[in-house]
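What follows is a structure written as structure tokens; I'll ask about it next.
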Amino acid sequence: MFSRAILLVLCMAAGNVDARPHSDGRSLYKAPFAAEAPVTDGNIDDPAWSTARWRDINYRWLGPEYAETDFSGKFKVVWTEERLYIVVVIVDDILFDSHRDPLVQYWDDDCLEVFLDEDYSGGDHQHNHNAFAYHMSLDNRAIDIGTNGEARDYSHHVNSQWRQHGETIVWELAIDIYKSDYIDESPNNVPVILQSGKVMGLMIAYCDNDGSELRENFVGSESVPSGPKDRGWIDAGLFGALELVESN
Ligand SMILES: [Ca+2]
Ligand SMILES: [Ca+2]
Ligand SMILES: [Ca+2]
Ligand SMILES: [Ca+2]
């Protein structure tokens, strides 16, 4: 039987192997139950939103420093048994969709990313469904990489709608949650029924491009204490903890 000390020595001998499922400093967000599901219409007047706390999208993962008028963002989460609901309020001075094909270089257009790990397992999710990284395009499509390693349209998982209100964009999402045994192209995938006390992995990010060939900034809701800061599309260990609660 391995003791922790022996295991630690073995890990060190393997060369900085980090066996922990999550990076240090993950956030905990408590999402309240929505007695009445928000209407996904880009308007934030639904009663459920007033019960949830704001969380900032403020960790600069890529690109130079930027002004609040260039980008700023925050979000809230609520849930029902059927879906997870997220509202994101964004300031972005220029909306830019250079690659009109949603499956081509989608991360280099303005793009809202929603990272979800149904069981908060952490770990690799690049070519599997241990977690999903929905890249929401300005035309409300949800793109992630399928188990065949190619970009795939998962828009049937996410009802998405945004509207501009003065200087801000209100972006609402209603998301079906799937376990890691999700099978691409199968008609038999069934979303999880959500319940109070469930803990999932969640991270929100925004790719801001205002007219460049490549995205100018990539800003997320979780810190990245070490390693490449843009690796959330591979590493679910960066996601924060999302706890479903009855009320805050
Ligand atoms: Ca609404
Ligand atoms: Ca901008
Ligand atoms: Ca997982
Ligand atoms: Ca932009």
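State the extension gain, in nm to one decimal, for the chain segment bounded by Gln105 and Asp230, taking 0.36 nm per residue of separation less the distance between their alpha-carbons. Don't jump to the answer; show the numbers that get you there.
On the way: separation 125, 0.36 × 125 = 45.00 nm, distance 1.50 nm.
Net length gain for the segment: 43.5 nm.
Roughly speaking, what is the stretch gain from Ser186 to Glu213, that is 0.36 nm per residue apart minus the C-alpha to C-alpha distance, in nm to one decimal?
Values: separation 27, 0.36 × 27 = 9.72 nm, distance 3.59 nm.
In short, 6.1 nm is gained.
If each of Ala241 and Tyr66 carries a label point 7 Å out from its Cα toward its Cβ, how far apart are those two points in nm?
3.0 nm
Follow-up question, since we're still on this one. Suppose all protein chains stay in the model; what accessible area per residue would a 1.4 Å probe give for region 21-245, in Å²?
43 Å²
At Lys179 and Leu95, where each label point lies 7 Å from the Cα along Cα→Cβ, what is the point-to-point distance in nanometres?
Using points 7 Å along Cα→Cβ, the separation is 3.8 nm.
Follow-up. Could you pull out which residues in region 156-174 have an amide N less than 18 Å from a spot 7 Å beyond the Cα of Val39, following the Cα-Cβ vector?
Answer for this model: 159-165, 170-174.
Give me the number: length gained by fully extending Arg53 to His156, i.e. 0.36 nm times residue separation minus the C-alpha to C-alpha distance, one decimal in nm.
On the way: separation 103, 0.36 × 103 = 37.08 nm, distance 2.74 nm.
Value of the extension gain: 34.3 nm.
Do the sum for the chain: with -39,500 (n - 2.57) for every DSSP H run of n ≥ 4, divided by all residues, what is the mean residue ellipticity at 222 nm, to the nearest 500 deg cm²/dmol? Show your work: numbers first, answer last.
On the way: 1 runs with 10 residues, N = 248.
Rounded to the nearest 500, the figure is -1000 deg cm²/dmol.
Write down the percent of antiparallel bridges among all DSSP beta bridges whose residues are both part of the chain, to the nearest 5.
Details: 55 of 61 bridges.
In the chain, DSSP labels about 90 percent of beta bridges as antiparallel.
Highest mean first, how do 86-92, 138-144 rank when packing is the count of other Cβ atoms within 10 Å averaged over residues? Write down the numbers at each step before the final one.
On the way: 86-92: 21.6, 138-144: 18.7.
Those peptides, ordered most packed to least, come out 86-92, 138-144.
A further question on this structure: Could you tell me which of Gln164, Val91, Asn130 has its Cα farthest along the dipole of region 89-188 towards the positive end, charges placed at Cβ (Lys, Arg +1; Asp, Glu -1), taken about the Cα centre?
Toward the positive end, the furthest listed residue is Gln164.
Assign unit charges at the C-beta atoms only (+1 for Lys and Arg, -1 for Asp and Glu), then state the dipole size of region 21-245 relative to its Cα centre in Debye, rounded to the nearest 20.
On the way: 17 positive and 41 negative charges, 155 e Å.
Charge dipole of region 21-245: 740 debye, to the nearest 20.
Considering the dipole of the chain built from charges on the beta carbon (Lys and Arg +1, Asp and Glu -1) around the Cα centre, which of Trp79, Gly25, Leu103 is farthest to its positive end?
Checking the options against the dipole of the chain, the answer is Gly25.
The values are calculated or read from the model by the stated rules, or taken from the named source; none is laboratory data. Everything numeric here is computed off the predicted structure, so don't read it as measured data. Cβ coordinates were reconstructed from backbone atoms using ideal geometry, including for glycine residues, and neighbour counts include every protein chain displayed. Side chains included, ligands, DNA and RNA excluded: accessible areas come from the protein's heavy atoms. Shrake-Rupley method; radii C 1.70, N 1.55, O 1.52, S 1.80 Å.
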